[in-house]
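Structure record follows, encoded as structure tokens.
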Amino acid sequence: MLFFSSFANAQIQALFNNKTQLRNMTERWELDTTAVRGTFLITPYKPIYILLGKYSSNPNEQPRSENDSPEYITPDGVNYDNVELKFQLSFKTKVLQRILWGNADLWVAYTQKSFWQIYNTELSRPFREINYEPELILNFPVKFKFFGFKTRMIGIAFNHLSNGKSEPFSRSLNRVILHAGLERKNWTVYVRSWYGMSDYGSDNPDISDFMGRSDLNVIYAKNGNVLSFIGGYNMNFNSNPRGSAEFSWSYPIKNNLKGFLQVSHGYGESLIDYNHLQTTVGLGVSLIEWL
């Protein structure tokens, strides 16, 4: 028990300690021999933050699926507040290194995004939606230039998204994702494109027509500030172009604590909202950023 407690404490310290916080793509993904930290060490993946207040221009009070079957017809709408609390937890760990002739690492990652109607006393402050996202990532370090950027990694991932609910509110998405990571001075870019195996499933058919089939994450970091833009697009160039855009800004407050602003517009802020258009603005704090 003592050993396990010490081990867990070391993992948490490694995640949040200033001396071990990972500041660039090479360190975060251990892309060269100077950055290798071994297997089964918990490290950051996506940002960890809490929005103490997140305003929605159009709360999704009666979620619906594109599936017209009777079991997916939802009951009368729920009187959700426009303002709720949102938080995200995310981490990863490397489980195998230097595989496939010494050229790749295998990672396991987990992200959880929660939407909490904490200010809604009428409904007894329920969690409106929780999205669970385990992921298996095979990553290859590379070194070549592309339009002035240094391409540092490419890879493939299997990604599962689910909200853990039953019909008619069940939503899920399985994806095979191709990704690449690039850097240039204070700029970092992640590019992803995927095949959605749930596009024709019963829970949420045509989900990728709304949430997108690719995204671009552009990050700029300087003087402790981190600006990030994520744009998703469904790749329908001829008709019904849809997607989403999310901008975030974290700014230093004290040590690892940062103020955090997030603005989004489009479809799919959560799985239950995959076909629901809204604009959101949230303000809170963050502990871990993209960089």
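The values are calculated or read from the model by the stated rules, or taken from the named source; none is laboratory data. Treat the numbers as computed from the prediction; the structure is a model and nothing was measured. Don't worry about glycine lacking a Cβ; one is built from the backbone with ideal geometry, like all the others, and counts go over all protein chains shown. Just the protein is used for accessible areas: all its heavy atoms, side chains included, with ligands, DNA and RNA removed. Shrake-Rupley method; radii C 1.70, N 1.55, O 1.52, S 1.80 Å.
Quick notes on this one:
- Heavy-atom accessible surface of ARG192, to the nearest 10 Å², is about 50 Å², with a 1.4 Å probe and all protein chains retained.
- Each principal axis of the Cα cloud of the range 124-222 was taken in turn, and the coordinate range along them, longest first, works out to 48, 33, 23 Å.
- Summarising the label geometry, the points placed 7 Å from Cα in the beta-carbon direction at ILE253 and PHE127 lie 2.3 nm from one another.
- Close amide H partners of GLU129, meaning residues 5 or more places away or on another chain with modelled amide H under 5 Å apart, are PHE115.
- The orientation-averaged projection of the convex hull spanning the C-alpha atoms of the range 199-246 amounts to 4.2 square nanometres.
- Percent accessible area from carbon and sulfur atoms, the chain, protein chains only, probe 1.4 Å: 61
- Using θ = phi - 60° in the Karplus curve 6.51 cos²θ - 1.76 cosθ + 1.60, the 3J(HN,Hα) couplings for the range 173-185 round to 8, 10, 9, 9, 10, 9, 9, 8, x, 10, 9, 7, 6 Hz; x is entered for Gly and Pro.
- Debye intensity ratio I(q)/I(0), log10, the range 170-291, q values 0.14, 0.16, 0.19 Å⁻¹ (C-alpha model): -0.68, -0.85, -1.07
- Within the chain, the longest segment free of exposed loop sites, counting chymotrypsin sites (Phe, Trp or Tyr not before Pro) that fall outside DSSP classes H, G, I, E and B and have at most 15 other Cβ atoms within 10 Å, spans 41-100.
- Trypsin sites (Lys or Arg not before Pro) within the range 230-291: DSSP coil, no more than 11 neighbouring Cβ in 10 Å: none
- Residues in the range 218-231 carry Karplus couplings, in order, of 10, 10, 10, 10, 6, 6, x, 8, 10, 10, 9, 10, 10, x Hz; the curve used is 6.51 cos²θ - 1.76 cosθ + 1.60 with θ = phi - 60°, and Gly or Pro positions show x.
- Ellipsoid semi-axes for the range 23-178, based on the Cα gyration tensor and the rule √(5λ), read 38, 18, 14 Å when sorted largest first.
- For the chain, a crude dipole built from +1 on the beta carbon of Lys and Arg and -1 on the beta carbon of Asp and Glu, taken about the Cα centre, is about 1720 debye to the nearest 20.
- Straight-line cross-link partners of LYS54 among the lysines, defined as a Cα under 21 Å from its Cα and at least 8 positions apart when in the same chain: LYS46, LYS86, LYS113, LYS258.
- Solvent exposure of the chain as accessible area per residue, Å², 1.4 Å probe: 51
- Using alpha-carbon coordinates, inclination of helix 2-16 to the longest axis of the chain, degrees: 80
- For PHE149, no residue 5 or more places off, or on another chain, has a built amide H under 5 Å of its own.
- In the complete set of protein chains, residue-level accessible area for HIS179 is approximately 30 Å², probe 1.4 angstrom.
- Phi angles of the range 141-150 translate, via the Karplus equation with coefficients 6.51, -1.76, 1.60 and θ = phi - 60°, into HN-Hα couplings of x, 9, 8, 7, 8, 9, 6, x, 9, 8 Hz per residue; Gly and Pro are given as x.
- Candidate cross-link partners of LYS150 among the aspartates and glutamates, defined by an alpha-carbon separation under 17 Å and a same-chain spacing of 8 or more, comprise GLU27, GLU30, ASP32, GLU183.
- Kirkwood hydrodynamic radius of the chain, from inverse mean 1/r over distinct Cα pairs, in Å: 20.2
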